[in-house]
Amino acid sequence: MKKYKPRTQSLRHTKTVTYRGVLTAKEPVKSLTKGVKRNVGRNSEGRITSKHKGGGHKRLFRDIDFRMQKFNIPAKVETIEYDPNRSGFIGALCYTDGERKYMLLPKGVSVGDSVITSEDAPIKPGNRIPLRKAPVGTFVYNIEIKPNGGARIARGAGVYAEVVANNEGQTNLKMPSGEIRKVPEDAWASIGIVSNEEYKHRNIGKAGRSRWLGIRPTVRGTAMNPVDHPHGGGEGRQGRGTKRPKTAEGKITGGRKTRTPKKYSNTFIVARRKTKKNRQ
């Protein structure tokens, strides 16, 4: 992590990820980038469905290959790059047939290393194999939920899932949350842990940097008027005035189960994630 001298109050506790000595390219591969309009918390009708989003620095979208279906063709890592749209580092791959693609890089892979997508690929960071070929205890990321459906699970910086068991056509994976979940053994996954594991230790330091990242201010409900929030109103500092905490729309939070009772994926969950209630 990179720390700063306390020349200002905002720099006193600021910590950022060290990019020097890690990234090898300043500009992305032009053919693998495009401009994309960000939703900034709005749905297709333009209404805000996710608060505290908007603004921020303009971003160029990098087209990451999450399917990686160039089977049995080795690729060489040409560069390690920063991607403003995700927390992990990405790498430009050059396949032996000349095609270039972006890949979400794992920890421990450097420029010049070779990766491959194959059923017989060695258990080495960056290689991609079917889950049935992964030994118990292997750390994997970029995991598919269904075969050839593209990576959906474990894509954030420093994140991985652990292979717990293989039986009856299913692979049991221990998720980052602690949940143990069944995934078809024919689904593909990449070996390793997502790069940039120091990301979780960063300290943004000031409100302005949050705005650069597209994060808008979050106002406490107790600081609002009663018309704006169920927790609002009262003279001076007051309690929330309700039995349970609520959102601005009046939905109960703080311990209420939100998962759909008859959700289709319930049959795939072997053990639920650890929560504050069942830790005690």
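State whether one or more residues within the range 86-102 are of a type in the set (Ser, Thr, Tyr), in contact with a Ser or Thr (Cβ under 8 Å, 6 or more places away or on another chain) and closer than 23 Å to Thr33 by Cβ.
no
Within 23 Å of Thr218 (Cα to Cα), surrounded by 10 or more Cβ atoms within 10 Å (Cβ to Cβ) and either touching a helix residue (DSSP H, G or I) at 6+ places or on another chain (Cβ under 9 Å) or touching a residue at least 12 places away in the same chain (Cβ under 8 Å) (or both) - does that describe any residue in the range 27-35?
no
I'm told Gly236 meets every condition in (1) under 29 Å from Arg259 (Cα atoms); (2) of a type in the set (Gly, Ala, Ser); (3) free of Cβ contacts under 8 Å to residues at least 24 places away in the same chain except one. Can you identify the failing condition by its number?
Failed condition: (1).
Mind checking which residues of the range 164-193 are assigned to a loop (DSSP other than H, G, I, E, B), more than 21 Å from Arg67 (Cα to Cα) and touching a Lys or Arg at 6+ places or on another chain (Cβ under 6 Å)?
Within the range 164-193, Ser177, Gly178, Glu179 qualify.
For the range 168-186, state whether one or more residues are small (Gly, Ala, Ser) and either at pLDDT 95 or above or crowded, with 16+ Cβ neighbours inside 10 Å (or both).
Scanning the range 168-186, I find no residue that is small (Gly, Ala, Ser) and either at pLDDT 95 or above or crowded, with 16+ Cβ neighbours inside 10 Å (or both), so the answer is no.
Could you list all residues from the range 249-280 that are part of a helix (DSSP H, G or I) and at pLDDT 90 or above?
Correct list: Tyr264, Ser265, Asn266, Thr267, Phe268.
If you go through the range 93-103 one residue at a time, do you hit one that is on the phi > 0 side of the Ramachandran plot and touching a residue at least 40 places away in the same chain (Cβ under 8 Å)?
no
Starting from the range 40-58, keep only residues that are touching a residue at least 60 places away in the same chain (Cβ under 8 Å) and assigned to a strand (DSSP E or B), then list their pairs with residues that are surrounded by 12 or more Cβ atoms within 10 Å (Cβ to Cβ) and of a type outside the set (Phe, Trp, Tyr) whose Cβ atoms are within a distance under 6 Å, requiring at least 6 positions of separation or different chains.
Lys53/Val40; Lys53/Gly41
Go through the range 202-231 residue by residue and tally those that are without any contact (Cβ under 8 Å) to a residue 12 or more places away in the chain, in a loop (DSSP other than H, G, I, E, B) and more than 24 Å from Arg42 (Cβ to Cβ).
Residues meeting the conditions: 2.
Per-residue answers, yes or no, for (1) surrounded by fewer than 18 Cβ atoms within 10 Å (Cβ to Cβ); (2) at pLDDT 95 or above; (3) in contact with a strand residue (DSSP E or B) (Cβ under 8 Å, 6 or more places away or on another chain):
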| residue | (1), (2), (3) |
| --- | --- |
| Lys101 | no, yes, yes |
| Tyr141 | no, yes, yes |
| Gly156 | yes, yes, yes |
| Asn166 | yes, no, yes |
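Which residue out of Ile73, Ile64 is under 30 Å from Glu119 (Cα atoms), exposed (fewer than 15 other Cβ atoms within 10 Å of the Cβ) and modelled with pLDDT of 95 or more?
Ile73
Which residue pairs have Cβ atoms closer than 6 Å, lie 6 or more positions apart in sequence or on different chains, and pair a first residue in the range 118-136 that is under 16 Å from Arg67 (Cα atoms) with a second residue that is of a type in the set (Gly, Ala, Ser)?
Short answer, once both residue conditions are applied: Asn127/Ala121; Arg128/Ser190; Ile129/Ala121; Leu131/Ala187; Leu131/Ala189.
Could you tell me whether the range 214-221 includes any residue that is over 30 Å from Thr8 (Cβ atoms), surrounded by 11 or more Cβ atoms within 10 Å (Cβ to Cβ) and over 27 Å from the mean Cα position of the chain (by Cα)?
Yes - at least one qualifying residue is present in the range 214-221.
The values are calculated or read from the model by the stated rules, or taken from the named source; none is laboratory data. What you are looking at is a predicted structure, and each value in this text was computed from that prediction instead of being measured. With ideal geometry, Cβ positions are generated from the backbone for all residues, glycine too; neighbour counts draw on all protein chains shown.
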